[in-house]
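The values are calculated or read from the model by the stated rules, or taken from the named source; none is laboratory data. Remember, predicted model here, so these are calculated numbers, not experimental data. Cβ coordinates were reconstructed from backbone atoms using ideal geometry, including for glycine residues, and neighbour counts include every protein chain displayed.
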């Protein structure tokens, strides 16, 4: 079985996000970038399926600038077999990403596509679902457990009420939730080997996809700072404030 | 000249940093407060380090290491150096390169088990009466039939308490040199449990809590001739040829801790508010940050330039002495200023600064004191003038 794992290059989760002074977006200059953590979970799950003998090839794909190659190298160093970089400049919206991934899926013929449920930069949570719709494949989103049983896939999903288990026919789309697994470190010997693994470069035109954004960002601003709380002297005062100031009770 | 990192180097830095932050930092408080590194903890972290390929990464690929060049190895050392020394040294061990000098049988017995994490090594040179003056050592080995008989004392021997064997440098004769009589030295593998070889607790010291040093005593300790490492009387040469860039290793670990101290300082200067503004707005604080960052950068450039020259085969003793001198003295300065910026809070063990400050002290002493480094640097200049 072939598994396709899309990975996105995002601002490292440890970085304190700053808005550009002109409000046009988030400051990316000289900021540490890394693989979207949910995508790391997706890569790890694919590797585990390969180690379990279920999958025989893992293809990592990233859509972004030349530097997204670094993110692909991380995926290769973790254990992906080869990588595809679809080079783009500027913002690519989830629908365009889904269309490009559909193109890759048609060219590569994977039985399973594992994606992060969302990227931590725009939190859109759309690509996996859109891709499933475009391909007409089954989807198991917010996965906390994935089991392959022959031509079928059992996906445990984290939903509001608890856990839901869905039974899917392959080929299928899975999007990962936080508790699916604990991603491994890219080991030092594998980092050295990653350089030798193939990394192909493509352009959106190769898939006949127009990536021009359809949305316009009007403004990006920092969230308001938290205001200091107040101390109350008694329960009576607390109840009074909740009733008359906060209007909660 | 290229000062940038390759993709692989960046990935190695990222992996090592992530490992240090996720697997070592959470245990620092325990080790610092108890002064003790539990074996269960060591085993747990060691297994993770082996899985991540970080364990014994200093070793060549053909013996099971990561096969890093010197620059990349130093990048890895710099990241490990951010954490408590006992934790990274024991749980992510870098066995001594001198093990590569052994015979095939010695490699089977000592090198490979160290790389696999089944054994620990330790290196015994220093004596109460012989520190920098290694060739003035008193502990000796005398040939008796096919065996060697070892007598004497070694001290300050790092990690000897957990080590399974020691590589011991012993005087095996004396020779006349232009600078007077010097000892001929031979290196031996001595296994724990060999009759006549005992290890007792060393001293409690100011730096690196959880790190141990021991006193080794040899009392008619008899070992067979195949325990000699390298050639007889060539122990000094074996050490010089095989030990590798240990001074740069010390320098690199200092860079990591200085970077950590600086990061804390910048954060604190930006967040801490007094008299209605962040303390970083005061030049008394902001200029400290500027000087700390500049010193750190200078040391960083020196360590990695020397590492790069090591890979080119053009490095000199002065290059490495300068890098070690600068990095260790820089760390002392940066750690001290970091505490000054933090005020009272800098002295509390809730932050890693007081220990970085304590730990900095030993770095100017071991692997050659700052004075020995200055001697090496100046000697090269003066000898060229016939002085």
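Please find, among B:253, B:246, B:241, B:177, the residue that is without any contact (Cβ under 8 Å) to a residue 24 or more places away in the chain and closer than 28 Å to residue B:321 by Cβ.
Within the list B:253, B:246, B:241, B:177, the selection yields B:177.
Residue by residue, here is whether (1) outside any helix (DSSP H, G or I); (2) more than 29 Å from residue A:196 (Cα to Cα); (3) not assigned by TED's automatic domain parsing to the domain that holds residue B:305 holds:
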{"site": "B:2", "(1), (2), (3)": "yes, no, yes"}
{"site": "B:12", "(1), (2), (3)": "no, no, yes"}
{"site": "B:15", "(1), (2), (3)": "no, no, yes"}
{"site": "B:19", "(1), (2), (3)": "no, no, yes"}
{"site": "B:26", "(1), (2), (3)": "no, yes, yes"}
{"site": "B:30", "(1), (2), (3)": "no, yes, yes"}
{"site": "B:49", "(1), (2), (3)": "no, no, yes"}
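Taking the stated definitions as given, is residue B:90 buried (at least 17 other Cβ atoms within 10 Å of the Cβ), within 14 Å of another protein chain (Cβ to nearest Cβ), assigned to a helix (DSSP H, G or I) and in contact with a helix residue (DSSP H, G or I) (Cβ under 8 Å, 6 or more places away or on another chain)?
So residue B:90 does not fit the description; no.
Residue B:380: on the phi < 0 side of the Ramachandran plot and crowded, with 21+ Cβ neighbours inside 10 Å, yes or no?
No, not satisfied.
Go through the residues of segment A:29-51 one by one and say whether even a single one is away from every other protein chain (no Cβ under 14 Å), at pLDDT below 95 and touching a strand residue (DSSP E or B) at 6+ places or on another chain (Cβ under 9 Å).
So far as segment A:29-51 goes, yes, one or more of its residues are away from every other protein chain (no Cβ under 14 Å), at pLDDT below 95 and touching a strand residue (DSSP E or B) at 6+ places or on another chain (Cβ under 9 Å).
Collect the residues in segment B:8-20 that are without any contact (Cβ under 8 Å) to a residue 12 or more places away in the chain and over 13 Å from residue B:75 (Cβ atoms), keeping them in residue-number order.
Passing the criteria: only B:18.
So which residues in segment A:1-40 are part of a strand (DSSP E or B) and under 23 Å from residue A:127 (Cα atoms)?
The answer is A:2, A:3, A:4, A:5, A:6, A:9, A:10, A:11, A:26, A:33, A:34, A:35.
Pick out the one residue from B:56, B:83 that is outside any helix (DSSP H, G or I) and more than 13 Å from chain A (Cβ to nearest Cβ).
B:83
Restricting attention to segment A:207-249, report how many residues are without any contact (Cβ under 8 Å) to a residue 40 or more places away in the chain and in a helix (DSSP H, G or I).
Of the residues in segment A:207-249, 10 are without any contact (Cβ under 8 Å) to a residue 40 or more places away in the chain and in a helix (DSSP H, G or I).
Give the number of residues within segment A:1-14 that are surrounded by 15 or more Cβ atoms within 10 Å (Cβ to Cβ) and more than 15 Å from the chain's Cα centre (by Cα).
The qualifying residues number 3.
Would you pick out the residues in segment A:84-93 that are over 25 Å from residue A:195 (Cα atoms) and surrounded by 19 or more Cβ atoms within 10 Å (Cβ to Cβ)?
A:92
Would you confirm, using the coordinates I've provided, whether residue B:32 is surrounded by fewer than 22 Cβ atoms within 10 Å (Cβ to Cβ) and away from every other protein chain (no Cβ under 14 Å)?
yes
Sort out which residues of segment A:185-201 are more than 19 Å from residue A:42 (Cβ to Cβ) and more than 10 Å from every other protein chain (Cβ to nearest Cβ), and write them in order of number.
A:196, A:198, A:200, A:201
Can you list the strands (runs of 3 or more DSSP E) lying wholly within segment A:101-192 that have 1 or more residues being more than 30 Å from residue B:11 (Cβ to Cβ) and more than 21 Å from the chain's Cα centre (by Cα)?
In segment A:101-192, the matching strands (runs of 3 or more DSSP E) lie at A:138-149, A:152-159, A:162-169.
Which residue out of B:128, B:60 is farther than 30 Å from residue B:179 by Cβ, surrounded by fewer than 18 Cβ atoms within 10 Å (Cβ to Cβ) and not assigned by TED's automatic domain parsing to the domain that holds residue B:260?
B:60
Of the residues that make up segment A:183-199, is at least one more than 30 Å from residue B:66 (Cα to Cα) and crowded, with 21+ Cβ neighbours inside 10 Å?
Looking for residues that are more than 30 Å from residue B:66 (Cα to Cα) and crowded, with 21+ Cβ neighbours inside 10 Å, one finds none in segment A:183-199, hence no.
Would you pick out the residues in segment B:310-342 that are farther than 13 Å from residue B:254 by Cβ and buried (at least 19 other Cβ atoms within 10 Å of the Cβ)?
Correct list: B:310, B:315, B:319, B:320, B:321, B:322, B:337, B:338, B:339, B:341, B:342.
Within segment B:35-53, how many residues turn out to be at the interface with chain A (Cβ under 9 Å from one of its Cβ atoms) and modelled with pLDDT of 95 or more?
Summing the residues that are at the interface with chain A (Cβ under 9 Å from one of its Cβ atoms) and modelled with pLDDT of 95 or more in segment B:35-53 gives 1.
Report whether or not residue B:327 is closer than 22 Å to residue B:378 by Cβ, in a helix (DSSP H, G or I) and not assigned by TED's automatic domain parsing to the domain that holds residue B:82.
Spelling it out, residue B:327 is indeed closer than 22 Å to residue B:378 by Cβ, in a helix (DSSP H, G or I) and not assigned by TED's automatic domain parsing to the domain that holds residue B:82.
How many residues are crowded, with 17+ Cβ neighbours inside 10 Å and farther than 14 Å from residue B:126 by Cα when one looks only at segment B:163-176?
3
Looking only at segment A:42-75, which residues are assigned to a strand (DSSP E or B) and more than 15 Å from residue A:88 (Cα to Cα)?
A:57, A:58, A:59, A:60
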